[in-house]
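Below is one structure, written out as structure tokens; the observations come after it.
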Number of protein chains: 2
Amino acid sequence: MCKKIITAGIIVIGDELLSGRTQDTNISYIANWLSPLGIRVEEARIIKDHKDTIVRTVREFSKLFTYVFTTGGIGPTHDDITADAIARAFNLTIDIREDAVCMLKERYSYTELNQARLKMARVPKGASLIKNPVSQAPGFQVHNVFTLAGIPSIMRAMLIDVQDRLETGKKLHSIVVIAEGISEGDAALPLSIIEKSFDNITLGSYPNFNRELIGVQFVARGPDIEELNKVKLKLEDMITDLKRVGE
Amino acid sequence: MCKKIITAGIIVIGDELLSGRTQDTNISYIANWLSPLGIRVEEARIIKDHKDTIVRTVREFSKLFTYVFTTGGIGPTHDDITADAIARAFNLTIDIREDAVCMLKERYSYTELNQARLKMARVPKGASLIKNPVSQAPGFQVHNVFTLAGIPSIMRAMLIDVQDRLETGKKLHSIVVIAEGISEGDAALPLSIIEKSFDNITLGSYPNFNRELIGVQFVARGPDIEELNKVKLKLEDMITDLKRVGE
């Protein structure tokens with residue numbers, strides 16, 4: 001049986017990412033991590049630490065995509081409201097859970113485990129915990145939504161416990177052809193002809209504006225490596241032709 | 001008269017940002033650029049080069065926020081569909097415009113100005129052009145939506161021509177207090193008490209997980225600098241108290 005197309009949406013939660021204080025890196029990390037699993041990220045949103053916004057976005061993404069990843073807002077402080085928002089999104093109750101407390105006890109002594117830290121053991125009813133090998137406070141899965149930490153090193157470590165839960169899809173391969181001395185505007189017409197002559201590929205062109213405003217990277221993506229190799233030959237022919245005209 | 005709260009939404013358009021191939025930097029750049037103008041970014045989305053998705057997102061953001069910034073998809077190739085999508089979003093016709101062609105002529109000779117490059121002079125009817133001092137092909141403004149290039153160096157240069165068109169809002173200031181040797185879980189309770197005792201501030205805490213898992217940055221944001229200075233004193237007192245308990 002052919003593999004299905006499997007999709008994902010990423011929701012990055014945190015005021016600090018919208019104030020410009022922090023540069024998000026979680027989106028591209030998760031996208032790169034999902035790519036070899038054949039899971040395609042369809043959309044990513046950066047939203048505030050605002051309960052209604054989180055609830056609305058999680059509900060929307062959970063319906064739209066096979067999987068949803070949220071990062072951020074599961075720490076011990078007053079602005080960490082993601083767990084409560086996920087519970088609300090799925091109309092679940094939420095409470096401190098004993099197995100999550102056990103995970104916290106691996107790190108914190110009895111006196112350290114205050115009310116704020118115990119908040120990190122609050123998970124929506126029926127959720128499956130996601131292990132955190134860095135700082136113990138777990139993430140959790142509710143239905144198709146994986147709720148992860150916002151701190152990149154912890155988020156990345158949590159993905160290890162997520163991988164086996166994901167159905168893998170039809171893997172997309174990509175080929176890159178770099179053309180020096182070619183301008184995107186000259187390549188546009190032959191490029192669109194190449195794209196139309198293949199059914200299952202998408203073809204992007206990314207101009208190099210760092211030096212002299214000239215040079216393009218062509219990137220073709222698709223499920224069939226043989227087809228991509230044919231695209232590569234077509235692109236190389238196109239570049240040769242364009243260079244000949246330019247001489 | 002008091003200044004109003006002015007909001008913005010950012011829409012970053014491009015498959016390459018969702019495949020993980022490219023790390024977006026436009027969101028944090030625009031957010032940092034808007035911050036001193038007193039304009040608050042409420043949400044940012046990264047979406048595919050897909051017309052219906054662009055149309056839907058632009059319509060939604062245009063209603064929700066004072067200003068909307070889009071980046072990407074206004075080049076010469078087949079996957080550059082943003083201009084057409086913006087026209088559709090506002091039910092406008094779109095065509096090649098003479099003043100935009102004039103801008104392109106500053107860069108391209110008559111023979112270079114092929115059909116693909118002329119596409120960069122297609123703008124929705126009634127749009128106001130945005131100058132591009134790097135590569136000439138203009139961006140444009142339709143109602144409250146500013147459509148900019150995706151390439152960071154060009155996008156940044158286009159913002160210069162946008163600045164005078166924006167109404168500035170009540171500026172948010174911020175103070176940062178760095179606490180070494182303090183753990184977020186110990187600070188959570190006193191932190192929430194401080195936040196509750198001030199009306200117009202938001203208080204975030206960002207643990208430092210790079211070394212030894214200990215240390216926190218507290219960031220307070222608000223419109224009133226005197227109030228923020230009071231918050232700073234409270235935070236410093238809190239840190240002193242926490243360190244005393246830890247001894």
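The values are calculated or read from the model by the stated rules, or taken from the named source; none is laboratory data. Remember, it's a predicted structure, so these values are computed and weren't measured experimentally. So basically every Cβ, Gly included, is an ideal-geometry build from the backbone, and we count neighbours across all protein chains shown.
Does B:L203 qualify as being of a type outside the set (D, E), crowded, with 19+ Cβ neighbours inside 10 Å and in contact (Cβ under 8 Å) with a residue 24 or more places away in the chain?
yes
Looking at (1) touching a Leu at 6+ places or on another chain (Cβ under 9 Å); (2) facing another protein chain (nearest Cβ under 8 Å), find the lone condition where A:Y67 falls short.
Of (1) touching a Leu at 6+ places or on another chain (Cβ under 9 Å); (2) facing another protein chain (nearest Cβ under 8 Å), only one is false for A:Y67: (2).
Among the residues of segment B:176-196, what is the count of those that are surrounded by fewer than 18 Cβ atoms within 10 Å (Cβ to Cβ), more than 9 Å from every other protein chain (Cβ to nearest Cβ) and in contact with a helix residue (DSSP H, G or I) (Cβ under 8 Å, 6 or more places away or on another chain)?
2
Can we say B:D161 is modelled with pLDDT of 95 or more, surrounded by fewer than 18 Cβ atoms within 10 Å (Cβ to Cβ) and either of a type in the set (D, E) or in contact with a Leu (Cβ under 8 Å, 6 or more places away or on another chain) (or both)?
no
Is it the case that B:I39 is modelled with pLDDT of 95 or more, farther than 22 Å from A:A31 by Cα and assigned by TED's automatic domain parsing to the domain that holds B:D80?
So B:I39 fits the description; yes.
Which strands (runs of 3 or more DSSP E) does segment B:65-151 wholly contain that include 3 or more residues that are buried (at least 18 other Cβ atoms within 10 Å of the Cβ), at pLDDT 95 or above and under 22 Å from the mean Cα position of the chain (by Cα)?
Strands (runs of 3 or more DSSP E) meeting the threshold: B:67-71, B:139-142, B:145-148.
Give the residues of segment A:236-246 that are buried (at least 16 other Cβ atoms within 10 Å of the Cβ) and out of contact with any helix residue (DSSP H, G or I) (no Cβ under 7 Å at 6 or more places or on another chain), sorted by residue number.
A:I239
Name the pairs: first residue in segment B:118-130 and without any contact (Cβ under 8 Å) to a residue 24 or more places away in the chain and on the phi < 0 side of the Ramachandran plot, second residue surrounded by fewer than 17 Cβ atoms within 10 Å (Cβ to Cβ) and part of a strand (DSSP E or B), Cβ to Cβ under 8 Å, at least 6 apart or on different chains?
From residues that are without any contact (Cβ under 8 Å) to a residue 24 or more places away in the chain and on the phi < 0 side of the Ramachandran plot, the pairs are B:L118/B:I96.
Hey, A:G181 hits all of (1) touching a residue at least 40 places away in the same chain (Cβ under 8 Å); (2) within 30 Å of A:R56 (Cα to Cα) but one; which does it fall short on?
(2)
Would you check which residues across segment B:1-50 are among the basic types (K, R), under 16 Å from B:G222 (Cα atoms) and either under 12 Å from the mean Cα position of the chain (by Cα) or at the interface with another protein chain (Cβ under 7 Å from one of its Cβ atoms) (or both) and list them?
B:R40
Taking segment B:99-121 as the region of interest, how many residues are more than 14 Å from B:F140 (Cβ to Cβ) and either away from every other protein chain (no Cβ under 13 Å) or out of contact with any strand residue (DSSP E or B) (no Cβ under 9 Å at 6 or more places or on another chain) (or both)?
14
Return the pair list, or none, for Cβ contacts closer than 7 Å from residues in segment B:4-21 that are among the polar types (S, T, N, Q) to residues that are outside any strand (DSSP E or B), at least 6 apart or on different chains.
Sorted first by the residue in segment B:4-21, then by its partner, the pairs are B:T7/B:F65; B:T7/B:T66; B:S19/A:A31; B:S19/A:S35.
Could you tell me how many of the residues in segment B:79-102 are in contact (Cβ under 8 Å) with a residue 60 or more places away in the chain and of a type outside the set (G, A, S)?
Qualifying residue count for the region: 3.
Looking only at segment A:157-191, how many residues end up being touching an Asp or Glu at 6+ places or on another chain (Cβ under 9 Å) and polar (S, T, N, Q)?
The total comes to 1.
Can you tell me which of A:S35, A:S62 is among the small types (G, A, S), in contact (Cβ under 8 Å) with a residue 40 or more places away in the chain and touching a strand residue (DSSP E or B) at 6+ places or on another chain (Cβ under 7 Å)?
A:S62
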